[in-house]
Each structure stands twice: as C-alpha cells, then as structure tokens.
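Remarks on the structure that follows.
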Amino acid sequence: MNNTDISITLAETVREAAERNKPLAIHGNGTKRFFIGDLGGEPLDVTGHRGIVSYEPTELVVSARAGTPLAEIEARLAEHNQMLAFEPPHFGADATLGGTIACGLSGPRRPYAGAARDHVLGVKMINGCGEILAFGGQVMKNVAGYDLSRLMVGALGTLGVLLEVSLKVLPKPASEITLMFELPADRAIVAMNTWAGRPLPLSAASHSGDTLAIRLSGAAQAVQAAHAKLGGEVVEKGEEFWRELREHRRGFFRDDAPLWRLSVPPAVPPLKLPGKWLIDWGGGQRWIKTQAPAAEIHDAAEQVGGHAAMVGAAEGRGTGPGPAALAPELVPLHRNLKQAFDPHAILNRAMVS
Amino acid sequence: MNVVHSFTPAGLREFLVPKLRAFLPAAALLTADEELRPYECDGLSAYRRVPGLVVMPETVEQVAQTLKLCAHHRVPVVARGAGTGLSGGALPHSEGVLLSLARLNRIMEIDVLNCTATVEPGVRNLAISEAAAPHGLYYAPDPSSQIACSIGGNVAENAGGVHCLKYGLTVHNVLGLKFLTSDGELIRLGGKTLDAPGYDLLALLTGSEGMLGVIVEITVKLLPRPERAQVMLAAFDDLENAGGAVAAIIAAGIIPAGLEMMDRLAIRAAEDFVHAGYPVGAAAILLCELDGTNEEVSDGILRVRELLLEHGATEVRTARDEAERLKMWAGRKAAFPAVGRLAPDYYCMDGTIPRKHLAGVLAQISALSREYGLPVANVFHAGDGNLHPLILYDANKPGDLTRTEELGGKILELCIAAGGTITGEHGVGVEKIDQMCAQFGSAELAQFHAVKRAFDPHGLLNPGKAVPTLARCAEFGRMHVHGGKLAFPGIERF
Ligand SMILES: Cc1cc2nc3c(=O)[nH]c(=O)nc-3n(C[C@H](O)[C@H](O)[C@H](O)COP(=O)(O)OP(=O)(O)OC[C@H]3O[C@@H](n4cnc5c(N)ncnc54)[C@H](O)[C@@H]3O)c2cc1C
C-alpha cells in the first residue's frame, strides 16, 4: 500500500495560486462530481497525499491522509472488527477520505450512530493562504479553540484543502439483522419514529414502495429479543440491501427524472409532491424522483422545517446545482467565514455563491 | 458613525442604564455593588472581577435589544448561564455588561415522535431530562453539575459527562440553535432535521465560549431511556492495572455507557463523605456502567467482569439493584465536593490524553504533586481519557495559589506531550489561555482570530477569553524561558 506525504507541495501550490489569484479546483478521484458539479479552476489533485498515518484499535481512532481510498481504511478497520459508524457512501470504487469528509456524506446508520461530522476528531488542512494548520486531535474530547475540524465537514473544500483527518471508529456490532414489513409510507414513518423512541437496537430504517426495512444491531441476544418484539420478515442479504441503498444503486435511482434530496424532521408525514419516494434515515432523509418544479419542492420542504436540494441530474448529465440554498441571514456569515479562511477566494470558487 | 466611549464602571452605568430602562423592566438590571458581587466569578473562584452592570432579560427580544445597544456603543458583553463554568469563561468585564440568560428558562416543546426538546438557554440541564421522562426519553449529556448548569452554558462549553463515552458530547446531541450575533441579529441554525445547508455553524457555535454569539434557543436530541443500566465497581491495587483494564474493555469492542476512575485519595474522600461502600484500601477503582436491552447488559456484564479480573482487579462488584447502583454513583458524583473537604481550596484541571497513556501520565502527575508538596486527587472520565486532577491548596497560605497554578500548567503540558489536549470539557476561558500558546502554533491562533472577526468584528463578545493574542503568546514563550515563573504575577494578563 502506498504511503506518500505531499503536503509541502500542495501547500506551495496553494500559496502560489493565492499570490496569483488563480482559482483551484480541489479533487480526489471524482466519485462525488455528480454531487457537487463542475468546480472550475486549475485542478488540485490530492490523491497523491495518501496513507493511513496511525491506527490504534484500542484508542478507537484512525488518522489518514485525505487521498487515502476509503476502501483501504475500511479494510484496515475490518481487520480489527471496527468500522466507520457513519457508514459513508462511496459512490465509486476509489472514493477518498478527503472527498467523503468534504462532502460530509453519511449512510443509513446516521440517525442512530451520528454523521460524518460527529466522528471527526481533528484535521490537518491548508487554508487559502497556503498555511498548513492542525485543529482538534486524536482524543475523544477536546474543546481547546473553536471546533474548526467539524467546520470542514461538508464545507466542500471551500475553506481549506483537507490533508489529514482523524476519525473516531467503533466496534462492529456483534450481530445484525434486517427486517421487512409491509406498510404504506405514512404508517411506516410512524413506526420508524415510535421505535426510535424506544430502547431498541435500531441502526437503520428505510421505506420505499410498500415496504419498510429496518436493521437491528448489537449483541446477538439483544437483536433476537428485539426481533421477537417487532416481528417482521428477515431479509437474507441484509448487508447488501443497505449497501445498495447507501450507494444509490437501488432500482429507485435508475430513473430519468431528476433526483432531489429532502432533509426534514424525521416524523413528518409523507409530503404531497408528485413522484417516487425513497425514505431513509428513519424519515429524516427523503429522496424523490420528480419532475415537479424546484420552487414547489423547496416550499414543501421548508413548510415542514426542512430543506431540499437537487442532487445531480439523471445519470450521465452530472452537474448538480450544489447544496440547498442558504437562508438570507446566513449569507453574510458564510461570506465572512470564507474570507477568514480563503481571503483570495481561490478554493473551489464555483461552490461559493 | 459609532462613538467609541471609554468608560469607568460607574460611568458605564450612568450612561447605559437609562437607555436599557427604555426596554427592560427595573428588575432586569442590577447595578448596586451588593447585587453585582455574586456575579464576580463563575465556578473558578480564583478569578474575580465585579461586572460594570448585570442585565437579566426575560425575552429574546430584550436580549437582542441589549446587544444592539451595546454594539452601537461598543460596550463589551459577557454572556452567563448558571455560572458553574470551571475556566473563568463567564468572568465579567468591569467596563462591560454581564448578560445573564438565567431568566430565559422556558421549555418550549417536547416533540415526542421526533424525539427532540426545544428550550431556552437558561433551562437547567437536568430539567430537560425531567420534562422528557414521562415519555420514556432523556437528554444524554450529563455533566456532574447537571442540577445547576444551564443548557446554554453546556452548548457554549460543549459540556461532557459520565455518559458521553457512549452517547457523545453536547455537540453530538444538539440539532438546532438560535443565536444572536454581536449586533443583535437573530440567526437560526438547523432545527429538527439531521443536517442543514451551508457550513456546520452548529458545530462551530458549540464550544465557542460565548465568543461568537449569544445562544437564545436550543433544540436537543432526546434518547429513549435504556431498558436497563447496571454498574460494576472494580478495585485495583495498582493504577497501571486499572489503566490496562480500561484499554482492554474498549479493545474487546465494548462501549460502556460510563467508565470512570478514582484514585486512592479520591476514593477515601468520597467514602468519608457519602459512605458509598468504596474499598478504601484500593489504589484505584473503576466504575463501569453498561446499558441497553436486558439481554445486552447481561451479556456485557459477564464479559466485562472477566476482563477486569484478567487485568488484575482485586475485587469486582455488580450493583444488585437500582438503590445499590445509585449508591455506587453517589460517591463519584459527590467526588468534587468530597475532595473539597480535604483542604480549604481545590483546583480542578481538565486535560485529555490517549487512553493508553493513563497510567504513565497519572504517575507523572503524582511525581509533580510530591515535587510541589501539593496533594492531587484524581476523579475522571477514564473511558475517554479525560483527566480531572484536583489540586488541593490553601488560598490563604502565601504563594500556595501561584504554586498551584504552576503545577496545573505543568499537568496540562504533560497532556499535550502525551498527544492530548489542555481541555476536554471545561473550556479555555481565562484559565488556560496561556496553555493555548503551547497547544497551537501562531498560524492556528491567527485562524481562530479570523473566525472570531467573521462573527464579531469589533471583539465585543467575551473579549480576552479562549484565544490568546499572538503578542501574549510571545510574552508567555519568553516567560517560559525564565523557568516558568511569571515575572509580574500581579499584572493582568488578559
Ligand atoms: C461541581 C461541578 C462539576 C462539573 N462537572 C462537569 C462535567 O462533568 N462536565 C462538564 O463538561 N463540565 C462540568 N462542569 C463545568 C460546568 O458546569 C460546565 O462548563 C457548564 O456547561 C457551564 O454551564 P453554565 O450554565 O454554568 O455556564 P457559565 O459558567 O455561566 O458560562 C460558561 C461559558 O459559556 C458562556 N455562555 C453561557 N451561556 C451562554 C449563552 N446562552 N450563549 C453564549 N454563551 C454562553 C459564558 O460566557 C461562558 O464563557 C462542572 C462544574 C462544577 C462546578
């Protein structure tokens, strides 16, 4: 496995770009391009900066360079029966850690185990002036200084080039099963959220068509006992089911209509928008394939205290309008923060509106 | 253009009070010396300063107007929750306003199906769990100060607690915030959703020590009460074994709900104080709580018991019932006041280190304790490596406080050297501002200042806290060269 530190070169490149006011487009292996769209600017390839820097299973921490393939990290963790509990989607074979964290993506376990940002303990990064900075660290609790490591998660590379990320890891559950129930969406949403409020070892809950699928994780006896309480039909290849969902490889995603993601309070009843729905995150993340006008979708999400964003167009067209729009009062703060990290506005300029 | 005034405390009162009275009831303003005294310090009483005046608004609108007024006249504002902070974060400004959020104490909503609570910042931590209890829900982060501390203060400090090993810190349990910027503008972050568009300002505001905004509403995640919780107590005649047992439990893939350690001095003090039935001869005890479904807990107890014995526990007890469980925890929860009875004063430190260095760092702390002739008791969150050495001293003995602070500084430097941090949960405040110079380089500190300016361009919110100026660090570095002894300890350094 190759292990290379090119942080000095990367910092040098950023510094020069800053001096010349030349925009840079930070990239890993491009597996999330469909998600963020075209960045514009001179490409800054981070994939050469790679390798697991440290991993100590008893400390529950892994630190790796941003260009390290996610698959490599997950394989190392699996050797010690550990995992990234936020279950990140890869969206391609060679997804990197940096891209995953920059996009802030989390999988089906998110409502129960936390999001990518919840597992970040520290980062090393290059700001827009080409300075290498380190925030947070490798310990579980750290309140020295502002939490700038978590701020990088989901910032889409607009505040800095991620060099290294330290993540909290967790033991893999001893046992897992996936259960299916025949339920329409409204009743499924109530069921998922009622169960989430009970002491059950729930670790995923999703609905599409007329089927509610849930995953139970934990000690074997606990999983069995919960199964006995809830009933439901056991799905044979549970692991594959959640992986296909996480990676957007389910039949649902193969459809020409535009794909929208709605983030809403999990218990909100089904929204009245025309199209095909897939509910994940126990109701908190809802995908819809719809031709409805954008304004209608944004409205529907906002009315229930949520937000919506179109995620790329149909496969192949690959340029999404990026993240959901900001509330107007947040715009100045975002602008000021961007300025604080990247005064020359050279990092992923196209992502900043 | 704004007028910049330079006020004496009395001048500030004279100038500001009539303007504040325009929108605040008389009872919301404290100006007399005897009214101001109680606000001169937070839980770290070594630092005291009488505020210029205290404002206690009852509505968010009043807070906003107060901030607008202060911003207009460039008057510093220090937010305060319950004042239980342990780093001097709420230490007032003598030419500024101390803004108490204590009267904003309404629980706005418990949303049972979404498992959230929306509350005002002055609500006490424990009150949230009490309000959620009828629904079988609770708010997980449980600082030992939870009967008194406010949720606003918890967010501002990113507070932790015994159960954070499994359930996360404040930052992991907050879904939404409303805060006011330094010029009184209301900003809403998140809500009941699991994420929000834009930068993760929710994470940035959490732990920002009142430097970036004044938090006026919080939506927290509620969790279902576990079906069963059971605590075990293990005694060790050697700290190293106890440290080894902590690592072994984690390595076995078990995440206890809580994993706490107490050393000899702390065990004795707690036992004398609350009679929890602790083994007073032991060098260390571990309290390990497992929770979850009935089956999960039964399974876990057997495994943990075996691991503890394998790693040299001389005795392992499991609480037989809820009464015994509460008794075992009572000793831990009362440990600070219990240790407090051993000496006129104590000073609580708060560093975090990688778990594997627990035994080594504790041995070094004990060597430092002998060197300084100041007893140190240890009661801490072993599961996440968060140390709380309590230094015993007597403030009335000349030189004792200075030596205590010096010893404290050395302990924090040990934490940094072990790959850890100077504060796990209590914050930097004024207390650890010099150690920030050791934890971070000047580029990082400059980045922190740039972030502060992005929110508060005139530096009016809690000035002088949390992030040292580069000039101060340069001075601290020089002072360090002179054998760690401060040249002019009487001179204000913040
Ligand atoms: C006996 C004891 C035990 C403790 N145990 C723990 C523990 O186990 N874990 C732990 O983490 N801490 C612990 N603490 C420390 C303290 O209780 C926490 O830091 C708590 O979060 C402080 O809350 P508070 O309401 O008292 O805040 P304060 O002390 O009033 O303020 C703390 C900081 O927050 C800012 N602030 C307060 N409210 C707001 C607001 N609404 N908006 C913006 N800024 C605000 C203040 O300016 C200040 O910087 C303990 C303290 C004591 C005395």
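The values are calculated or read from the model by the stated rules, or taken from the named source; none is laboratory data. In this text the structure is predicted, and so the values were computed from the model without any measurement. Backbone-built Cβ (ideal geometry, glycine too); neighbour counts: all protein chains shown. When the accessible area is computed, the model is the full protein with side chains, heavy atoms only, and any ligands, DNA or RNA have been set aside. Shrake-Rupley method; radii C 1.70, N 1.55, O 1.52, S 1.80 Å.
Can you send over the carbon and sulfur percentage of the accessible area for the stretch A:175-311, probe radius 1.4 Å, protein chains only? Write out the running numbers ahead of the final one.
On the way: 2940 of 5620 Å².
Looking at the stretch A:175-311 in its full context, I get 52 percent from C and S.
How do B:PHE273, A:PHE253 stack up against each other in accessible area, from largest to smallest, with a 1.4 angstrom probe?
Numbers: B:PHE273 75, A:PHE253 20 Å².
The most accessible residue leads, giving B:PHE273, A:PHE253.
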Worksheet item: Taking the alpha-carbon set of the stretch B:204-295, what are its Rg and Dmax in Å?
Response: 18.0, 49
Response to the item:
For B:MET108, the residues 5 or more places away or on another chain with a placed amide H closer than 5 Å to its own amide H are B:THR118, B:VAL119, B:GLU120
Worksheet entry | Positive-end residue of B:GLY176, B:ALA71, B:TYR346, charge dipole of chain B with Cβ unit charges | B:ALA71
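Ordered by packing density, taken as the mean number of other Cβ atoms within 10 Å over each peptide's residues, highest first, how do A:184-193, B:396-405, A:88-97, B:215-224 rank?
The peptides rank, most packed first, as B:215-224, A:88-97, A:184-193, B:396-405.
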Item to complete: Using a 10 Å cut-off on Cβ to Cβ distances, tally the other chain neighbours for every residue of B:251-261 and report the average as a whole number.
Response: 2
Worksheet item: Rolling a 1.4 angstrom probe over the protein heavy atoms, how many square angstrom per residue are accessible across the stretch B:15-76?
Response: 41 Å²
Worksheet entry | Heavy-atom accessible area ranking, 1.4 Å probe, most first, across A:VAL235, A:VAL53 | A:VAL53, A:VAL235
Worksheet item: Accessible area per residue, 1.4 Å probe, Å², for the stretch A:175-311: what's the number?
Response: 41 Å²
Worksheet item: Of the peptides B:411-424, B:183-196, how do they stack up when ordered by the mean number of other Cβ atoms within 10 Å, highest first?
Response: B:411-424, B:183-196
Worksheet item: Given the Cα-Cα distance of A:ASP94 and A:ALA327 and 0.36 nm per residue of separation, how much length would full extension add, in nm?
Response: 80.4 nm
Discussion item. Apply the a/c threshold of 1.5 to the C-alpha gyration tensor of the stretch B:235-378 and tell me whether it is rounded, prolate or oblate.
Written reply: oblate
Item to complete: Quick one: pull the percentage of alpha-carbon pairs in chain A with a separation above 26 Å.
Response: 52 percent
Item to complete: For A:LYS22, go through the aspartates and glutamates and keep the ones whose alpha-carbon is under 18 Å away, minus same-chain ones fewer than eight residues off.
Response: A:GLU12, A:ASP38, A:GLU42, A:ASP45, A:GLU131, A:ASP342
Discussion item. Using Cα-Cα distances under 8 Å and only pairs 6 or more residues apart, what relative contact order does chain B have, in percent?
Written reply: 14 percent
Item to complete: For chain B, list log₁₀ I(q)/I(0) at each q in 0.08, 0.10, 0.11, 0.13 Å⁻¹, using the Debye formula over Cα point scatterers of equal strength and ignoring solvent, two decimals each.
Response: -0.50, -0.79, -0.96, -1.30
Fill in: Accessible area (Å², 1.4 Å probe, nearest 10) - A:ARG250
50 Å²
Worksheet, complete the sentence: Calculated from DSSP helices alone, with each H run of at least 4 adding -39500 (n - 2.57) and the total divided by the residues of chain B, [θ]222 nm to the nearest 500 comes to -11000 deg cm²/dmol
Worksheet entry | Cα-Cα over 30 Å, subset of B:LYS178/B:LYS465; A:LYS338/B:LYS410; A:LYS32/A:LYS168; A:LYS124/B:LYS356; B:LYS356/B:LYS452; A:LYS124/A:LYS172 | A:LYS338/B:LYS410; B:LYS356/B:LYS452
Discussion item. Rounded, prolate or oblate, given the Cα gyration tensor of the stretch A:88-158, with a/c below 1.5 counting as rounded?
Written reply: oblate
Worksheet item: Can you give the Rg to Rh ratio for the protein assembly as shown, taking only C-alpha atoms and Rh from Kirkwood?
Response: 0.95
Worksheet item: Using a probe radius of 1.4 Å on protein heavy atoms only, what is the accessible area buried between chains B and A, both sides summed, to the nearest 100 Å²?
Response: 6100 Å²
Discussion item. What's the ranking of B:275-281, B:435-441 by average number of surrounding C-beta atoms within 10 Å, highest first?
Written reply: B:435-441, B:275-281
Response to the item:
Counting only protein heavy atoms and leaving out ligands, DNA and RNA, the solvent-accessible surface of A:GLU87 at a 1.4 Å probe, in Å² to the nearest 10, equals 20 Å²
Fill in: Neighbouring partner chain Cβ atoms per residue of B:447-456, average, 10 Å criterion
6
Worksheet item: When the solvent-accessible surface of protein heavy atoms is calculated with a 1.4 angstrom probe, in what order do A:TYR112, B:TYR199 fall, highest first?
Response: A:TYR112, B:TYR199
Discussion item. Could you report the accessible area of B:ARG228 in Å², rounded to 10, computed with a 1.4 Å probe on the protein chains as they sit in the structure?
Written reply: 60 Å²
Worksheet item: With θ set to phi - 60° and the Karplus curve 6.51 cos²θ - 1.76 cosθ + 1.60, what are the ³J(HN,Hα) couplings of the stretch A:332-340 in order, to the nearest whole Hz, using x for Gly and Pro?
Response: x, 4, 5, 5, 4, 5, 4, 4, 5
Worksheet item: What nm value, rounded to one decimal, do you get for the distance between B:ALA252 and B:ASP238 when each label is placed 7 Å out toward the C-beta?
Response: 1.9 nm
Worksheet entry | Under 5 Å, built H, 5+ apart or other chain: amide partners of B:ALA79 | B:LEU99, B:ASN462
Worksheet entry | lysines with Cα under 22 Å of B:LYS19, excluding same-chain neighbours fewer than 8 positions away | B:LYS68
Item to complete: Return the average number of partner chain Cβ atoms within 10 angstrom of each residue Cβ along peptide B:289-296.
Response: 5
Discussion item. Probe radius 1.4 Å, ligands and nucleic acids ignored: give me the carbon and sulfur share of the accessible area of chain B as a rounded percent.
Written reply: 54 percent
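If each DSSP helix of 4+ residues adds -39,500 (n - 2.57) and the sum is divided by the residues in chain A, what number results at 222 nm, nearest 500 deg cm²/dmol? Present the calculation step by step, with values, prior to reporting the outcome.
Values: 12 runs with 101 residues, N = 353.
That comes out to -8000 deg cm²/dmol.
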Discussion item. Could you compute the net charge surrounding A:PRO199? Neighbours are other residues with a C-beta less than 12 Å from the C-beta of A:PRO199; K and R count +1, D and E count -1.
Written reply: 0
Fill in: For the stretch B:424-434, Karplus couplings with θ = phi - 60° (6.51, -1.76, 1.60), whole Hz, Gly/Pro x
x, 8, 8, x, 8, x, 9, 4, 9, 5, 5
Worksheet, complete the sentence: Quick calc, B:GLU315 & B:ARG370: beta-carbon distance into FRET formula, R0 30 Å, rounding 0.05, result 0.60
Response to the item:
Across the stretch A:175-311, qualifying lysine pairs (alpha carbons under 27 Å, at least 8 places apart or different chains) come out at 5
Discussion item. Can you give the local net charge around A:LEU162? Use residues other than it whose beta-carbon is closer than 11 angstrom to its beta-carbon, Lys and Arg +1, Asp and Glu -1.
Written reply: +1
